[in-house]
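Enquirer: Before we start, here is the structure in question, set down as structure tokens.
Laboratory data are not the source of any read-out in this text; all were calculated from the coordinates shown. Source: prediction; values computed, not measured. Cβ coordinates were reconstructed from backbone atoms using ideal geometry, including for glycine residues, and neighbour counts include every protein chain displayed.
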Number of protein chains: 2
Amino acid sequence: MKTIRLSIIGFGAVGQGVARVLRIKRDYLVRSGIDILVVAVTDSRGACIDQNGLDLKVVLQRKKESGTVATSNTSSLDVIKNTDHDLVIEATPTDIETGEPGSTHIFESFQHGRHVVTSNKGPLALQYKRLYNEAKKNGVMFRFEATVGGAMPILNLAQDILAGNRIISIEGILNGTCNYILSRMAEESLSYKHVLGEAQELGIAETDPTYDVEGIDTACKLVILANAIFGMDVAYNDVEVTGITNITSEALFLANVEKKVIRLIGEVEDGNKKIIRVAPRLVPKQHPLAVGGTLNVALLKTDIAGPICINGRGAGSIETASAILSDIIAICRKNT
Amino acid sequence: MKTIRLSIIGFGAVGQGVARVLRIKRDYLVRSGIDILVVAVTDSRGACIDQNGLDLKVVLQRKKESGTVATSNTSSLDVIKNTDHDLVIEATPTDIETGEPGSTHIFESFQHGRHVVTSNKGPLALQYKRLYNEAKKNGVMFRFEATVGGAMPILNLAQDILAGNRIISIEGILNGTCNYILSRMAEESLSYKHVLGEAQELGIAETDPTYDVEGIDTACKLVILANAIFGMDVAYNDVEVTGITNITSEALFLANVEKKVIRLIGEVEDGNKKIIRVAPRLVPKQHPLAVGGTLNVALLKTDIAGPICINGRGAGSIETASAILSDIIAICRKNT
């Protein structure tokens, strides 16, 4: 059994979820021949490092009590450059304008020969091809299941499991916040403003909800699917985006009369005309895309398997950590 | 690029589907570094063998014109024993009483050091553990995605993609014929007998529909899931089975009043009390299991990813061949 040494860069909801899942799954992983040693954890205030492996219980406790994991002011970049390890979990927040600090972290990791698993959409939505080429050049693996659909395993489904199929198109609901708002508005005949407020209270929507409700988050995820699954070379600016802020309860009422719902659908198609767009669409209630609540869903049209539809929880720190764990395991299986 | 030499044992709908898919996908596979040479194809009347690779177009044509692929009376077992190749595609029909001829074919393949991909449920529903151990003993791979759910990739989803998760339970619709009958009865207020006749005319139900409508087919698939995913050691006789023959249009009408449908649900749960049963159940119309037509669906409850639901076409020769192809590719990736 080879030991995989990893760092967790960024220790917000996702990073902490990863730490919790690695603790819960430690015995299972060892039984599967995978021994994981977390040698460093960082947040914006510093790092804790132990080449013999950190006690994650202690790290989680320190974060909770003092607001940081830091036992030194070593930066994330320092850890990536100077701490001996195999795999970087890049779990800093998405910045769709600059891609930072994720992009720099990921490029540095590759250049130091470290595999990367990330949940950060920014770097992928802005410069997928450069990242892909850099990983290849350095002979390391780069996986990012957690960037799209949370626990819903769409990237690995399309790339590994449906191997042999050409994916013709993907349509899906990739943002749980929008789906919650549209579902609630229709079910309870409530206004957009009312439900948004409710979602903010429940922690389902951010205080500034722009990123979700304007379709930006969905667009970033579509870009990742377009590049990784369809081999396109597109960035966030190539997507045609309409959000849900102008959807009225009247529109939802009229949809209901026709046994339909309105959903924010992301769509990417690799036909003669390449399509990549996000917009609210009418969906029949019985259609597989008509999922409710904060679920995510994706409908893949394939050339020989036909249509395959998958849904699951699109968010949540443990669910996102599950996607990260599946990527860690895939890397361990290839490299041990 | 290493060449994988394979045989197709059994050349009914599934075997022919595999041949068609291998022809369609030849260039794609070569581009992916996989060179497949079909060195033998057999049916109940004999075999055609060419160590330099058969022309599948010619084989398909001969089957169509003369009802057999045979150019010699060499048996399937002879081919498995004496023709030099790496991988056996066992595509003979399921016999749930004896498991034959599939079981003998598969055991012989393992003993001759050949990997096996199969669509035949019989051997797996009767003696999964023995097959698993025999493959292990001989150091070969054994994959059977096509036995459950057709093109819906449930085994590979649970075993590869959700790696790290404990699967707590699986509920699903695993028989498209029953689902078609129940959907049509409800939608058109028709009797069981009427819709069965219609399904038989359309080729969706067999002349003797017992195997499907009594829940036997679903039970076999559940046994495969129970053994392969949950590590149980069960056989077909361990399943509690109720079919759909006693479902009346009145029952479906009453379900509809409550916004529900009736579906034949297979269920396996690995809790304190192990559950493995097939029975008609009421399902809310908006529930992810409430798919219509001949679709298959599976809802997996997992410990960290939460619930994941997948649906796809449960039957069709090309769709089944897609599942077989994904298994072939997985074996090629591991062995080249």
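Enquirer: Gaussian network model of chain B, Cα springs within a sub-10 Å range: biggest mean-square fluctuation belongs to which of B:275, B:324, B:161?
Expert: Residue with maximal mean-square fluctuation among B:275, B:324, B:161: B:161.
Enquirer: Suppose R0 equals 51 Å. What FRET efficiency, 1/(1 + (r/R0)^6) with r the Cβ-Cβ distance, do residue B:333 and residue A:251 give to the nearest 0.05? Don't jump to the answer; show the numbers that get you there.
Expert: Values: r = 48 Å, r/R0 = 0.94.
The formula returns an efficiency of 0.60 here.
Enquirer: Could you tell me which of rounded, prolate or oblate describes segment A:157-313, using a ≥ b ≥ c as the square roots of the eigenvalues of the alpha-carbon gyration tensor, with rounded for a/c under 1.5 and, failing that, prolate when a/b is larger than b/c and oblate otherwise?
Expert: On the way: a/c = 2.04, a/b = 1.60, b/c = 1.27.
It comes out prolate by the Cα gyration axes.
Enquirer: Is there a simple number for the mean count of other chain Cβ atoms within 10 Å of the Cβ of residues in A:316-327, and what is it?
Expert: What the average comes to for A:316-327 is 4.
Enquirer: Next question, about the same structure. How many angstrom lie between the Cα centre of segment B:169-226 and the Cα centre of segment B:246-322?
Expert: If we compute the Cα centre of each part, the gap is 12 Å.
Enquirer: Which chain A residue comes nearest the axis with its C-beta when you rotate A onto B, and by how many angstrom?
Expert: A:310, 2
Enquirer: If you stretched the chain out fully between residue B:273 and residue B:200, how much longer would it get, using 0.36 nm times the residue separation minus the C-alpha to C-alpha distance?
Expert: On the way: separation 73, 0.36 × 73 = 26.28 nm, distance 3.86 nm.
Gain in length upon complete extension: 22.4 nm.
Enquirer: Over segment A:157-313, what relative contact order in percent results from Cα pairs under 8 Å that are six or more residues apart? Can you show the working numbers first?
Expert: Values: 285 pairs, mean separation 52.9, N = 157.
In percent, rounded to a whole number, it is 34.
Enquirer: What percent does the relative contact order of chain B come to when contacts are Cα pairs within less than 8 Å and at least six residues apart?
Expert: Details: 690 pairs, mean separation 65.3, N = 336.
Reported relative contact order: 19 percent.
Enquirer: Would you count, across segment B:157-313, every pair of lysines whose alpha carbons are under 23 angstrom apart, provided the pair is eight or more residues apart or spans two chains?
Expert: Lysine pairs meeting both conditions in segment B:157-313 amount to 10.
Enquirer: Any chance you could list the semi-axes, whole Å, largest first, of the equivalent ellipsoid that the Cα gyration tensor gives for segment B:234-336, using √(5λ)? Working shown, then result.
Expert: Values: eigenvalues 180, 69, 49 Å².
Semi-axis lengths for segment B:234-336 are 30, 19, 16 Å.
Enquirer: From the label point of residue A:66, set 7 Å along Cα to the beta carbon, how far off in nm is each other copy's matching point, shortest first?
Expert: 8.3
Enquirer: OK, next. Pairs of alpha-carbon atoms within less than 8 angstrom and 6+ residues apart define the contacts here; what relative contact order does segment A:196-257 have, in percent? Write down the numbers at each step before the final one.
Expert: Values: 35 pairs, mean separation 17.5, N = 62.
Over segment A:196-257, the number comes to 28 percent.
Enquirer: Between residue A:259 and residue A:112, what length comes free when the chain is fully extended (0.36 nm per residue of separation minus the Cα-Cα distance, one decimal in nm)? Can you show the working numbers first?
Expert: Numbers: separation 147, 0.36 × 147 = 52.92 nm, distance 5.52 nm.
Taking 0.36 nm per residue and subtracting the Cα distance, the gain is 47.4 nm.
Enquirer: With springs only between Cα atoms under 10 Å apart, run a GNM on chain B and tell me which of B:289, B:225, B:54 wobbles the most.
Expert: Judging by the Gaussian network model, the answer is B:54.
Enquirer: Need the full-extension length gain, residue B:132 to residue B:35, defined as separation in residues times 0.36 nm minus the C-alpha distance. One decimal, nm. Write out the running numbers ahead of the final one.
Expert: Details: separation 97, 0.36 × 97 = 34.92 nm, distance 2.70 nm.
Value of the extension gain: 32.2 nm.
Enquirer: Ignore the peptide's own chain and count Cβ atoms of other chains within 10 Å of each Cβ in B:147-158; give me the average, rounded. Each step should come with its number before you reach the end.
Expert: Numbers: counts 0, 0, 0, 2, 8, 5, 9, 1, 1, 6, 7, 0.
Average neighbour count from other chains, rounded to a whole number: 3.
Enquirer: Around residue B:265, which amide H atoms from residues at least 5 apart in sequence, or from another chain, sit under 5 Å from its own amide H, with H modelled in the peptide plane?
Expert: When sequence neighbours closer than 5 places are left aside, the close amide H contacts are B:279, B:281.
Enquirer: Once the label point is placed 7 Å from Cα along Cβ, list for residue A:35 the distances to the corresponding points in the other copies, in nm, shortest first.
Expert: 4.1
Enquirer: Could you give the angle, 0 to 90 degrees to the nearest 10, between helix B:176-188's Cα long axis and the longest principal axis of the Cα atoms of chain B?
Expert: 30
Enquirer: Same structure again: Given a Förster distance of 56 Å, report the FRET efficiency between residue A:281 and residue A:52 from their Cβ-Cβ distance, rounded to the nearest 0.05.
Expert: 0.55
Enquirer: Something else: Looking at the square roots a ≥ b ≥ c of the eigenvalues of the Cα gyration tensor of segment B:158-246, which shape do they give, rounded for a/c under 1.5, prolate if a/b is larger than b/c, or oblate?
Expert: Numbers: a/c = 2.82, a/b = 2.08, b/c = 1.35.
Note, shape of segment B:158-246 comes out prolate.
Enquirer: Check residue B:302: other-chain or 5+ apart residues with amide H under 5 Å from its amide H, H built from backbone geometry?
Expert: B:168, B:308
Enquirer: Let me ask something else. Kindly give the distances from residue B:284 to its copy-mates, label point to label point, with each label point 7 Å from Cα along Cα→Cβ, as nm values to one decimal ordered shortest first.
Expert: The projected label point of residue B:284 is separated from its counterparts by 2.2 nm.
Enquirer: Is there a simple number for the mean count of other chain Cβ atoms within 10 Å of the Cβ of residues in A:297-307, and what is it?
Expert: Numbers: counts 2, 0, 1, 1, 0, 4, 6, 15, 15, 10, 5.
Mean partner shielding for this stretch: 5.
Enquirer: Can you give the log10 of the normalised intensity I(q)/I(0) at q = 0.09, 0.10 Å⁻¹, computed with Debye over equal Cα scatterers of chain A?
Expert: After summing over all Cα pairs, the log10 values are -0.48, -0.60.
Enquirer: Another question, then. Please work out whether the protein assembly as shown counts as rounded, prolate or oblate from its C-alpha gyration tensor, where a ≥ b ≥ c are the square roots of the eigenvalues and a/c under 1.5 means rounded, while otherwise a/b larger than b/c means prolate and anything else oblate?
Expert: Oblate is the answer for the protein assembly as shown, as a/c is 1.5 or above yet b/c matches or exceeds a/b.
Enquirer: Give the lysines reachable from residue B:334 as a straight Cα distance under 21 Å; neighbours fewer than 8 places away on the same chain don't count.
Expert: By straight Cα distance, residue B:334 reaches A:2, A:136, A:334, B:2, B:25, B:136, B:137.
Enquirer: Here's a follow-up. For chain A, give the share of DSSP beta bridges that are antiparallel, in percent and rounded to the nearest 5; count only bridges with both residues there. Don't jump to the answer; show the numbers that get you there.
Expert: Working: 33 of 52 bridges.
Bridges in chain A are about 65 percent antiparallel.
Enquirer: Between segment A:103-126 and segment B:1-66, how many Å separate their Cα centres?
Expert: If you average the Cα positions of each part, the centres end up 43 Å apart.
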